[in-house]
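J.: First the structure, then my questions, so here it is.
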Amino acid sequence: MTVVKYPLDRLDKRLISIFAKDARMPMAEAAERAGVARPTAAARVKSLVERGSLRFAALVDASSAGDLTLALVGLKLDKYQLEESVKKIATLDEVSWAAVVTGRYDIIAQVVTEGGMPGLYDFLNTSLLEVGGIASSEMFVVMKATGKWTALPPGLLREWSGEESGAVDGA
């Protein structure tokens, strides 16, 4: 798979930094802070989103949000199929992101579960087992993090949105 990298110019970087501080900022205000007209800022943000350089998302602090447990998992593969393995791992319900890395692991993944250790155990014993091709894993449970905001993985997003049961709490 070829990844196309797009160069970011000064305006791209400025807009990204503005929205990184406050993703809910109105486009007109962001444009004013960037020193450009609103249509210019809107077109540039649209381009950044379309080419995959920018995404707007709600992030949570796992340390203070409910019963979430955050862990980093280092994985060694028994077959060197990096591209296929990282894609499979990244699509698991408990995984926020996965990356091919250098060092003693082939892949590192961020896992977010509810329910403490049982959730992490289920990830290792069930979800990861289904991927196959993994020689070994090492899990690093995040006990406390400062300034660590994370995207919820697909499984929790579905569960929290009520998509799995069709019901929404408080409605």
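J.: Can you tell me which residue among Ala145, Ala151, Ala98 is out of contact with any Gly (no Cβ under 9 Å at 6 or more places or on another chain), modelled with pLDDT of 95 or more and either surrounded by 12 or more Cβ atoms within 10 Å (Cβ to Cβ) or more than 29 Å from Glu84 (Cβ to Cβ) (or both)?
T.: Ala98 is the lone residue from the list that is out of contact with any Gly (no Cβ under 9 Å at 6 or more places or on another chain), modelled with pLDDT of 95 or more and either surrounded by 12 or more Cβ atoms within 10 Å (Cβ to Cβ) or more than 29 Å from Glu84 (Cβ to Cβ) (or both).
J.: Between Val60, Val95, which is outside the structural domain of Gly155 (by TED's automatic domain parsing), among the β-branched types (Val, Ile, Thr) and closer than 28 Å to Arg158 by Cβ?
T.: The conditions single out Val60.
J.: Separate question: For the stretch 104-134, give me each residue that is at pLDDT below 95 and either over 24 Å from Arg158 (Cβ atoms) or in contact with a Lys or Arg (Cβ under 7 Å, 6 or more places away or on another chain) (or both).
T.: Listed by number, the residues that qualify are Val131, Gly133, Ile134.
J.: Got a number for residues in the stretch 112-145 being within 13 Å of Val73 (Cα to Cα), in a helix (DSSP H, G or I) and β-branched (Val, Ile, Thr)?
T.: The total comes to 0.
The values are calculated or read from the model by the stated rules, or taken from the named source; none is laboratory data. Nothing here was measured: the structure is a model prediction, and the numbers come from that model. Positions of Cβ are generated from backbone atoms using ideal geometry, with glycine treated the same way; all protein chains shown enter the neighbour counts.
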